[in-house]
Structures are given as C-alpha cells and as structure tokens.
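The values are calculated or read from the model by the stated rules, or taken from the named source; none is laboratory data. Everything numeric here is computed off the predicted structure, so don't read it as measured data. FYI the Cβ positions are ideal-geometry reconstructions off the backbone, even for glycines, and counts take in every protein chain you see.
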Amino acid sequence: MTHDTPHSTPSESANTPESADVTLYAKHQKIHPRRVFGLFSTLKILSVIILLGIYYITPWLLWNGQQAVLLDLPTRKFHILGLTFWPQDLIYLAFLLIIAGISLFFFTTLAGRLWCGFACPQTVWTDIFLWMERWVEGDRPKRIKLDKSPTSLRKIRIKATKHLLWITFALFTGFTFIGYFSPIRELATDLVHFNLSGWQTFWLLFYSLATYGNAGWLREQVCIYMCPYARFQSAMFDKDTLIIAYDPNRGEPRGPRKKTDDYKQKGLGDCVQCTLCIQVCPTGIDIRDGLQYQCISCSACIDVCNEVMDKMGYPRGLVRYTTENILTGKTATHVFRPRVFVYGGILLSLFIGTGYAIANRPLLELDVIRDRNSLFRENEAGLIENVYTLKVINIDKIAHEYQISAKGIEGLQIKTHRHIQAQPGEVQEIPVRLLIHPEQLKQPSSKVYFTLTALDNPSLHTTEEARFLGPFNR
C-alpha cells in the first residue's frame, strides 16, 4: 500500500523517499529452538514423560477385567475406573469442565502460564516432535545449516526420516485416541487385519493429521495465533503473579565482554548480549523486552541464562521467576492474596461437591413413559386403564431383582411382571398397565407414583411421578 505525499501523483510519489510499502502479513520465520539443560528443562522432560505415559498407557489398563477408561458411545456408557456413567450423568462432566476452568484461573493467578509451559497438549507433543527433529537433524546450528543448504539426496534422506518418525508417532497417537472410544485390544486386532470401520478410520486419520500438523508444522503459531488463552491471560495476572522476567536493573546496559573484564568499570550490566535466551525460546521472543503474550513460561530462558551466569561467575537469576512488585523495587510479594483465596475456595468447594455427588449418585434409574397413542381406555370389566413403559437402568456393579409398585389413588391396580431381573449396566423396558374403577377417580388427571425396590437390598429404591388420565366425572 503506497502513501502519497501531498500534491503528488502516485507515479511521482512512488519514486520519492517518503513513500513506503506496508504489508499487513508477516511471513512466517521458522524457529529452531536450541537445546537447553537445567532444573526446569529436567522438570519439563519429566512432565512430558508422565503426561504422555498417562495418555498412551491408560487405554490398556484393566479394572475388574474391563478396560479402565472406555467412553463407549454406541452403548452410551462411559466406564471410568470401575464407575459407569450414563448420558444423564453428563452433569458431572459439566462440573469437571468448570473445575478445569477454575484451576486454570487459580494456577495462572498464582504462577503465570504453568499450564502452557508444562502441561498443554500442544506444548507436550511439540516437545516430542522437536526431540525427534534434534535426534535426526542435530541441534540448532545443524538444523539451520541443513534448511539453508541446497536440495540434495542427503537432505531429502534426513528430512524424509524425520517426517517418517513424525507420521508414525502421529498415527500411534491417533490410534490411542480411538482406543478411548473403542475397546483398544479389539481395535488393535482390527487394525492389523485392516478391518476398521469407516468412522474409526476417519478419526484415526483426522487425529493423526491434527497431531502431525499442529506439533510438526504449526508449533508456536498455534500458541500465538490460535490459542485464545494468550489473549485473556492478562485478566488473571496482577503485580504479585509469578512470571518469568528479565531483571533490567541488574542486566542493563547490555554488552559483550570477557570473563576477566571488570564490566562494572565499563558501565555494563550482567547481560552479556549472548542472545541464548532468544535461541532457546520455542516462540522466538526476547524475554528482555518484558512480559509478552507469546511467552508460554517454558522456563528455557531461565536455565540457559543461569548456565551463562555460572560460566561468567555472576549470580544466577538475571532471568527468573519473579513478580512485577519485586522488579519495580518492592522486596516482598504476597502469594496469599484475596483472589487466590477466592479461586482456591471455589475450586475446593467444587472438588468436594463433585466428589460427594459422584460417590453418592443413585445406582438405580427409573423413567416412566406414558403410551401416547391413547390417553386412556375402558376395558371389558369397565375399569379405566392407562399404559406406561418403565425404563429401568441398573447402574450398580452387581445384578439385582426389583419389585415394581404403584400408588397415589385409592384402589389403584397394577398389571405387570412384579419382579424383574437386571444385570449390571443393563437397561430394561417394562410395559405396565394401571387400572382403576371410574367411581374412584376424583379428577380427570391424577398423580401416581411408581416405586422400584431391590429385593436383596431394600435401601436401593427409587420413585418416579407420572399422571393417570381418565374421563371427566359426569
């Protein structure tokens, strides 16, 4: 877009020094993070191993002879560590999502973007893909040199090896994802015999492609341009939030020097202008420019800066976890402050409430469905009859024999199989007829109550309300 100078034609202004071409699109520059060693990098490696271990191992675990975690969508049963949840239990999922959201607020207020740096799936899988890239292509200088080199058989071989590893790992990731929704042992057998269903094949390829694309190609672009968390994180920060920051009071002015130089006499700060903090950053930012939304708090800059400080014989902590209050001269920080207590209290209450609700959820469900084909009918004996379907769900882990009863109107009769046998997790539909003499009906619509009681455990019972319809009294 050309900006014209006053009283000039576009052709004339294009040749003047005042004209400029401005583009709203910045071409993506590939980032080659340097390998780093230190306390936080070790913690990050442990975090990746633990989280990916949980992801890949969990579908293979058994609980009482059954897959420990299986979200069985076709049967609408969700088996989690011996508990079976049904679609009507989705309220618990809603509470778990609320807990996850409040947890994000709590830990961000306390210690910044810990989730982004150590636990976010995008970060975890990107780290794995970076490790494979380093293993095949080498560390940062070798990768940069390889990318700039002309196309050759060696370059093609190295790049093809890397992408083959990426694709293999992505396919394994997609296979594991499907294993949470289909029995993974049967899935493995079907995969070996090329007998996957259409939907299984679709989701396997879709999730594999998403992993390959996000962790292999997009990487930091997901964090910078696609993730909404980076945009609203500032709402959770205050001046006492722990952040990764460069100490300008100590580091400025920057400048290179020898280890033996008296840098203070030269008027220099502790920063040696090595730029290693930029080279190790997975999003390519300069932490010395202050807090930026692109920073995911991976702590790589802390480790590499401490390593440089050790070599120079300077104190550690030029880049460190600190707070804005400390950086601006206040020596104390307030970890336990009102918003931390508020988030912590809400989080604790949700944990306790959700745990109690799950532990005491009913083990028996009863739904009553009236026959909609007719409001009521009069049988040969002159009795008014209503027809219902009782849907019985045994949520317990053992089989039970149940007795059905009905009350609510004096003289009410019930016609059905009084005793029913239900296996664990079984759903049964029982037809039920209620009958009553017309003279005992006081109104055209009356409340009735169906009760289902386990014969071997009377404390296991449930009651459901329904309506009994009849003619108007004449």
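Remarks
- Restricting segment 197-256 to residues that are touching a strand residue (DSSP E or B) at 6+ places or on another chain (Cβ under 8 Å) and in a loop (DSSP other than H, G, I, E, B) leaves a set whose member that is modelled with the highest pLDDT is Asp247.
- Scan of segment 329-373 for residues that are surrounded by fewer than 15 Cβ atoms within 10 Å (Cβ to Cβ), farther than 30 Å from Phe450 by Cα and of a type in the set (Val, Ile, Thr), ordered by number: Thr331, Val335, Val342, Ile352
Every residue, every condition in (1) of a type in the set (Asp, Glu); (2) at pLDDT 90 or above; (3) closer than 25 Å to Gln88 by Cβ, yes or no:
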{"site": "Ala399", "(1), (2), (3)": "no, yes, yes"}
{"site": "Arg418", "(1), (2), (3)": "no, no, no"}
{"site": "Glu426", "(1), (2), (3)": "yes, no, yes"}
{"site": "Phe450", "(1), (2), (3)": "no, yes, yes"}
{"site": "Leu455", "(1), (2), (3)": "no, yes, yes"}
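- The set of residues from segment 352-371 being within 30 Å of Ser445 (Cα to Cα) and outside any loop (DSSP other than H, G, I, E, B) comprises Leu364, Glu365, Leu366, Asp367, Val368, Ile369, Arg370.
- For segment 433-456, the set of residues classified as among the aliphatic types (A, V, I, L, M), farther than 13 Å from Leu469 by Cα and surrounded by 14 or more Cβ atoms within 10 Å (Cβ to Cβ) consists of Leu452, Ala454, listed by residue number.
- Selected residue (criterion: nearest to Gly353 (Cα to Cα)) from residues of segment 59-85 that are surrounded by fewer than 16 Cβ atoms within 10 Å (Cβ to Cβ) and among the aromatic types (Phe, Trp, Tyr): Trp63
- Gln292, sole failed condition from (1) free of Cβ contacts under 8 Å to residues at least 40 places away in the same chain; (2) more than 30 Å from Arg337 (Cβ to Cβ); (3) in a loop (DSSP other than H, G, I, E, B): (2)
- Residue identified as exposed (fewer than 15 other Cβ atoms within 10 Å of the Cβ), aliphatic (A, V, I, L, M) and out of contact with any Lys or Arg (no Cβ under 6 Å at 6 or more places or on another chain) among Ile99, Ile45, Ile128, Ile158: Ile45
- Test: residue in segment 209-228 that is crowded, with 18+ Cβ neighbours inside 10 Å, among the hydroxyl-bearing types (Ser, Thr, Tyr) and touching a residue at least 60 places away in the same chain (Cβ under 8 Å): yes
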